[in-house]
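The values are calculated or read from the model by the stated rules, or taken from the named source; none is laboratory data. Note that the coordinates shown come from a computational prediction; the quantities given were computed from them, not determined experimentally. Quick reminder, even Gly has a Cβ in these numbers, built from the backbone with ideal geometry, and neighbours come from all protein chains shown. Keep in mind that these areas ignore ligands, DNA and RNA; they rest on the heavy atoms of the full protein, side chains included. Shrake-Rupley method; radii C 1.70, N 1.55, O 1.52, S 1.80 Å.
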Amino acid sequence: NSWVLVKMKQRFGEPKLWARLMGSSGVGEFADTLIFCSIAAPVIGIAGAAMFANYVIVGFVYKTLVEFAFVPVTTAVIGWVKRHEPSYGQVTA
C-alpha cells in the first residue's frame with residue numbers, strides 16, 4: 001500500500017490525494033485479502049475454486065468499501081498534519 005502510494009505520488013504529483021489513497025488502498029487490500037483468504041480458507045472449510053473466489057471477492061469488496069468510506073477522514077488528517085508539521089516539504093540531504 002505504502003509503496004504504491006509513493007509511486008503514484010512520484011508519477012502524478014502532490015494534487016489528488018484522494019485518488020492516490022483509493023488506488024493504493026485497492027492494490028493493498030487485494031494483496032492483503034488474497035494472502036489472508038489463502039491461509040484462512042482451508043481452516044474454515046472453504047473448498048473449491050468457486051467458493052474460494054467468492055470468499056476473496058466478498059472480502060476485498062467489503063474491505064475496500066470501508067477504506068473508501070474513510071478517505072475523507074484520512075484526507076482531513078493528512079491535511080492537518082501537513083499544515084502543522086514545520087518540516088513538511090523541506091528537502092533534506
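A few remarks follow.
- Test result for ILE35, in a helix (DSSP H, G or I) and not charged (D, E, K, R): yes
- Filtering the stretch 33-52 to residues that are among the aliphatic types (A, V, I, L, M) and farther than 19 Å from GLU67 by Cβ leaves ILE39, ALA40, ALA41, VAL43, ILE44, ILE46, ALA47, ALA49, ALA50, MET51.
- Qualifying residue in the stretch 13-27 (condition: under 17 Å from SER2 (Cβ atoms) and touching an Asp or Glu at 6+ places or on another chain (Cβ under 6 Å)): yes
- Taking residues in the stretch 62-88 that are small (Gly, Ala, Ser), and partners anywhere that are assigned to a helix (DSSP H, G or I), the pairs with Cβ atoms closer than 9 Å and at least 6 places apart or on different chains are GLY79/LEU17.
- Members of the stretch 3-21 found to be open to solvent by 30 Å² or more (accessible area, probe 1.4 Å) and either at pLDDT 85 or above or more than 13 Å from the chain's Cα centre (by Cα) (or both), listed by number: LYS7, LYS9, GLN10, ARG11, PHE12, GLU14, PRO15, LYS16
- From the list ALA53, ALA69, the lone residue that is under 17 Å from TRP18 (Cβ atoms) and either out of contact with any Lys or Arg (no Cβ under 9 Å at 6 or more places or on another chain) or modelled with pLDDT of 90 or more (or both) is ALA69.
- Failed item in (1) modelled with pLDDT under 90; (2) among the aliphatic types (A, V, I, L, M); (3) farther than 25 Å from GLY23 by Cβ, with ILE44 passing the rest: (1)
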